[in-house]
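To start, the structure itself, in structure tokens.
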Amino acid sequence: MEDIVLSGIRSTGNLHLGNYFGALRNFVKMQYENRCYFFIADLHALTTHPDPKILHENVKNALAQYLAAGLDPEKSTIYIQSDVPEIAEMYLLMNMHVYVGELERTASFKDKVRKQPENVNAGLLTYPSLMAVDILIHRATKVPVGKDQEQHLELTRRFARRFNNIYGVEFFPEPQNFNFGHDAVKVPGLDGSGKMGKSEGNCISLIDEEKVIRKKVMKAVTDEGPKTPDSEMSEPIKNLFTILDLVSTPDTVAYFTEQYKNCSIRYGDLKKQLAEDILKYTLPIKERYADIINDEAYLRKVVTCGAERARASASATLREVREIMGIRKF
Ligand code: ADP
Ligand code: TRP
């Protein structure tokens, strides 16, 4: 059976290296051999109460950046989550089998409660149900996402299993993360610890100006340098090497690893090289983005056609889910 691949992103800011290497790059590679869906999660974005004036602008920017980074509308179905009303209906149905306790225990929910204690809305709590529906509504089997989304995928599998068990059907497959046989990726920030993320405010965006990228990399946190051969690497230095591994050639990585080991490494040189190699990825994307973002007609065509195809698939699943749950027409 062919794999159905799906991935998505919240429309809350510019595409950054974490999004690209954690999720999008895999998706782009997969779109030539599978049935692929990619969407912008604007309903999920509402959980943090964005200004209505900028919500649409953010959706448009995200779409243009993803197209610039390699999504191919000829190969993949690309759509906006809110253009597919079947998702909202299935979210309602799915919530009947999702328990408040399990949602309250989700790491991302606990994190949001800490970060926005004044806005702990029900949408935030049910974020994983909506994400599960995004996936299950196309009966997707592979979901290329970064490491931070693994708990959400685990919940999706649990909801799928539960639905199948309750109704005695084998309807939903259990979707798996996919990274070509490797562990899921976590792109670190350059501020010493943690992941690169929009809410962390430590992103290198794919459309940052050249000099901004150089500046951000040169400001990355480092340490005093290795004192003895084979001394344990501190977290900030490991992080620099993790990113180097993603953007540079194996020779370059081997060169700096050796320099670290024999204690002759100069972090300034490592950062210069890192900035150079990041720019090789980002500059072509930034150039394509500048063209695409001004082409309103093209963007409209992509999402109109995407919504049509996504709705055809979503409504077929929803029809069966209603039937299985006992909602029938007279
Ligand atoms: P952000 O965390 O910046 O708000 P999103 O939550 O919208 O970004 O993430 C969209 C996709 O990018 C998800 O698949 C997520 O796993 C991936 N992603 C985001 N940040 C990282 C990171 N630092 N490392 C790996 N993948 C990431
Ligand atoms: N929760 C994801 C994130 O923050 C975005 C997302 C929503 C998603 N629905 C999805 C990703 C379905 C993959 C599949 O990154």
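Below is a table of values for the structure above.
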read-out	value
Selection count, segment 195-205, where residues are within 16 Å of ligand 2 (Cβ to nearest atom), in contact (Cβ under 8 Å) with a residue 24 or more places away in the chain and in a loop (DSSP other than H, G, I, E, B)	5
Count of segment 111-144 residues which are at pLDDT below 95 and either in contact with a His (Cβ under 6 Å, 6 or more places away or on another chain) or hydrophobic (A, V, I, L, M, F, W, C) (or both)	0
Residues of segment 126-147 satisfying the condition of being of a type in the set (S, T, N, Q) and either farther than 20 Å from residue 37 by Cβ or free of Cβ contacts under 8 Å to residues at least 60 places away in the same chain (or both)	126, 129
Subset of segment 148-186 [farther than 17 Å from residue 7 by Cβ, in a loop (DSSP other than H, G, I, E, B) and either without any contact (Cβ under 8 Å) to a residue 24 or more places away in the chain or within 11 Å of ligand 2 (Cβ to nearest atom) (or both)]	168, 170, 181
Check on residue 145, surrounded by 15 or more Cβ atoms within 10 Å (Cβ to Cβ), in a loop (DSSP other than H, G, I, E, B) and not charged (D, E, K, R)	yes
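Residue-wise test of (1) out of contact with any helix residue (DSSP H, G or I) (no Cβ under 8 Å at 6 or more places or on another chain); (2) in a helix (DSSP H, G or I).
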site	(1), (2)
226	no, no
229	no, no
236	yes, yes
241	no, yes
251	yes, yes
257	no, yes
263	yes, no
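Conditions tested, residue by residue: (1) of a type outside the set (Asp, Glu); (2) surrounded by 23 or more Cβ atoms within 10 Å (Cβ to Cβ).
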{"site": "17", "(1), (2)": "yes, yes"}
{"site": "22", "(1), (2)": "yes, yes"}
{"site": "25", "(1), (2)": "yes, no"}
{"site": "36", "(1), (2)": "yes, yes"}
{"site": "42", "(1), (2)": "no, no"}
{"site": "46", "(1), (2)": "yes, no"}
{"site": "49", "(1), (2)": "yes, no"}
{"site": "52", "(1), (2)": "yes, no"}
{"site": "56", "(1), (2)": "yes, no"}
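The values are calculated or read from the model by the stated rules, or taken from the named source; none is laboratory data. As the structure is a prediction and not an experimental result, all values here were calculated from the model. Heads up, the Cβs are rebuilt from the backbone with ideal geometry, glycines too, and the neighbour counts pull from every protein chain shown.
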